[in-house]
Amino acid sequence: MAARNKLELTWIGKNQRPRLEPRILLEDSGLSHQAKTRVSESDIFDNRLIFGDNLLALKALEQEFSGAVKCVFIDPPYNTGSAFTHYDDGLEHSIWLSLMRDRLEIIKRLLSKDGSLWITIDDNEAHYLKVLCDEVFGRANFVSTIAWMKRVSPANDAKYFSTDHDSVLIYAKDKASWKPNRLPRGEQQNVYYKNPDKDPRGPWNSVTYTGNKTRIERPNLYYGIKNPTTGELIFPPDTLTWRYGLETHAQNEAANLLYWGKDGQSKAPRLKMFLNDAEAIVPRSVWLSSEAGSTQSAMGEQKTLFKAPFSTPKPELLLNRIIHIASDPGDLILDSFAGSGTTGAVAHKMGRRWIMIELGEHCQTHIIPRMEKVIDGADPGGITKAVDWKGGGGFRYFHLAPSLLEKDPWGNWVISKDFNSGMLAEAMCKLHGFTYAPSQDHYWRQGHSNEADFIYVTTQSLTQTQLRAISEEVGEKQTLLVCCGAFRGDAESYPNLTLKKIPQSVLSKCEWGHDDYSLNIQNLPSASDLGAAPLDPVATPEPGGVTKRRSRPPKTAKPSEGSQALGLEVEE
């Protein structure tokens, strides 16, 4: 039997993948917001708030931001149980896993080589999500699971256990390249530093002077040290050695770094470590509510911001700690499940650039007014005082463009009537891998893939005369992709031109007319429609090929108890 060397999570519909349309983003300047004056030279204005389905929005960001995001934080729906009333438990988990997998794959591409992903999750899906992330990111890039103590007091009405913590899964894009920042020292860490011998260098703590090697392993570290008070020659135990060789030990003695106890008669010295030289703290895997906030403190923050608080917020202290560890000022932070906007608010106050994506109506009712307060310096809560936030900067508001193609009354795919010429050119650039950058000097330079390769998009039918003129203007050292409604003549006549008709040339590139891939599964087929066939995680389109768009956020879901349709498959 072959060796068992690969552990893989399987679920219903795993091989069914959406073929996402790379939508363009349309800015609405009326909902964007900028500070009236510059507060400091480090103010950041080009942050982005995107309204729309987060899977389509992630796809829309991919071309411009691949490899550019330093830290991704997501707080996905922990379990969409109440949205799955027509499914058995196995299908519920399968849908959730498919939708998460599709998002994680794009997030990985967006992360920089030294970037990291942080996901808050509870026990309903944490262990399945861990294996799923192992598949997407590679098990070697798993960093840690943080236990965040979200409760201040126990839930005494719990049937079994009071669930006092959530998990935070951490994955690096490339663990060898990821270097977390240490946490600043606080009063709690400094309380152990005293100065019993009135050392002029200030408070100190002490550590053991013995090492973890044996006398046999490191005989050069086994020697006698003279106690200056008793004159006794002190040796380490036979099973241990000193931490330092004779030369370094002599330096420690000369620097008065050895401590022999209050009366000077200890049987072994300890090494002084001064507070002034103390390093920042290595992050630990348990985060107390006193350090990282709680759901209670998060609700308190919400009540100071909104008349109708967001139902499941995360505290600013939690995001402050994550963003501090995972990034530096000026780095780009992404949250594709923005909720009430805590990630953007904290990132903004900490001098990071940010992108947030949200489909629910709270994008308008919560995130926009919250970020306006942050930018205007009118948000006194959260980490404002801790980071001395005074306001400044801004953000741009975008929404997803509609699908490029729609069906006409006869069932034929045609360019959407909502697209003007500029939108069409930008969309075709995305579909063909070009950067949209219209030239002011050449009408046919609407985008480029490199310094000598360009794209021209028009709905016109081009004649031989027009093509000849374009070819002559492009010249022999440049190439041009021409996407047009139709053309006359031989497409091979012009070596520097590549001719493609629209929409025919893009029909097979992706799914058209799908607007909702959200974790609110109201548009999925009924369980009876599925039968024994694999589940397609894509929302089912209504007649005409267009999925009904969700205009309200999903209701809070109840977690389910488990899944019988999931399994761990071991490949031999």
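The values are calculated or read from the model by the stated rules, or taken from the named source; none is laboratory data. No experiment lies behind these values; they were computed from the predicted model shown. Note that each Cβ is placed from the backbone with ideal geometry, even for glycine, and that neighbours are counted across all protein chains shown. Heavy atoms of the whole protein, side chains included, go into the accessibility calculation; ligands, DNA and RNA do not. Shrake-Rupley method; radii C 1.70, N 1.55, O 1.52, S 1.80 Å.
Principal-axis analysis of the Cα atoms of the chain puts helix 316-326 at an angle of about 90° to the longest axis.
Which FRET efficiency, nearest 0.05, do D238 and V414 yield, Cβ-Cβ r, R0 60 Å?
On the way: r = 87 Å, r/R0 = 1.45.
Once rounded, the FRET efficiency stands at 0.10.
Across region 130-238 the C-alpha pair distances fall into 5 Å bins from zero in the proportions 2, 8, 8, 8, 9, 10, 13, 14, 10, 8, 6, 3, 1 percent. Write down the percent of antiparallel bridges among all DSSP beta bridges whose residues are both part of the chain, to the nearest 5. Once the DSSP bridges in the chain are tallied, antiparallel ones form about 55 percent. Estimated at the nearest 10 Å², the accessible area of D277 is 120 Å² with a 1.4 Å probe.
I need the calculated FRET efficiency for the pair D277 and N15, taking r as the beta carbon distance and R₀ as 56 Å, to the nearest 0.05.
Numbers: r = 56 Å, r/R0 = 1.01.
The calculated FRET efficiency here is 0.50.
When both region 382-403 and region 251-316 are represented by their alpha-carbon centers, they are found 29 Å apart. Of the solvent-accessible surface of the chain, computed with a 1.4 Å probe over protein heavy atoms with every protein chain present, carbon and sulfur atoms account for 50 percent.
Extending 7 Å from Cα along the Cβ direction at E62 and again at Q364 yields two label points whose distance is 3.0 nm. Here the calculated FRET efficiency for S508 and A147, from their Cβ-Cβ distance with R0 = 56 Å, stands at 0.75, rounded to the nearest 0.05.
Based on alpha carbons, the Rg and Dmax found for the chain are 30.2, 105 Å.
When the square roots of the Cα gyration tensor eigenvalues are ordered a ≥ b ≥ c, the ratio a/c for region 45-200 is 1.5 or more and a/b does not exceed b/c, which makes its shape oblate. Once all protein chains are placed together, M149 keeps about 60 Å² accessible to a 1.4 angstrom probe.
Relative contact order (percent) for region 80-200, with alpha-carbon contacts under 8 angstrom and 6 or more residues of separation?
Values: 124 pairs, mean separation 34.8, N = 121.
Over region 80-200, the number comes to 29 percent.
For the pair Y192 and S311, the difference between a 0.36 nm per residue extended length and the Cα-Cα distance amounts to 38.8 nm.
Let me know the shape class of region 351-478, please: from the alpha-carbon gyration tensor, a ≥ b ≥ c as square roots of the eigenvalues, rounded when a/c is under 1.5, otherwise prolate if a/b is greater than b/c, or oblate. Mind showing how you got there, number by number?
Details: a/c = 4.28, a/b = 1.97, b/c = 2.17.
It is oblate, given that a/c is not under 1.5 and a/b is not larger than b/c.
What's the extension gain from S439 to K501 if we count 0.36 nm per residue and subtract their Cα-Cα distance?
20.1 nm
The simple spin-label model puts a point 7 Å past each Cα toward its Cβ; for N256 and T37 those points are separated by 5.3 nm.
What is the sum of charges, Lys and Arg at +1 and Asp and Glu at -1, for the other residues whose Cβ falls under 14 Å from the Cβ of G67?
0
Which order, highest average first, do 348-357, 54-63 follow once you tally other Cβ atoms within 10 Å for each residue and take the mean per peptide?
The densest-packed peptide leads the list: 348-357, 54-63.
Kindly express, to the nearest 10 degrees and within the range 0 to 90, the angle between helix 126-137's C-alpha long axis and the longest C-alpha principal axis of the chain. The angle comes out near 70 degrees. For H432, the solvent-accessible surface computed with a 1.4 Å probe is close to 40 Å², ligands and nucleic acids excluded. Using the rule -39500 (n - 2.57) for each DSSP H run of four or more residues, divided by the residues of the chain, the 222 nm mean residue ellipticity is -6500 deg cm²/dmol.
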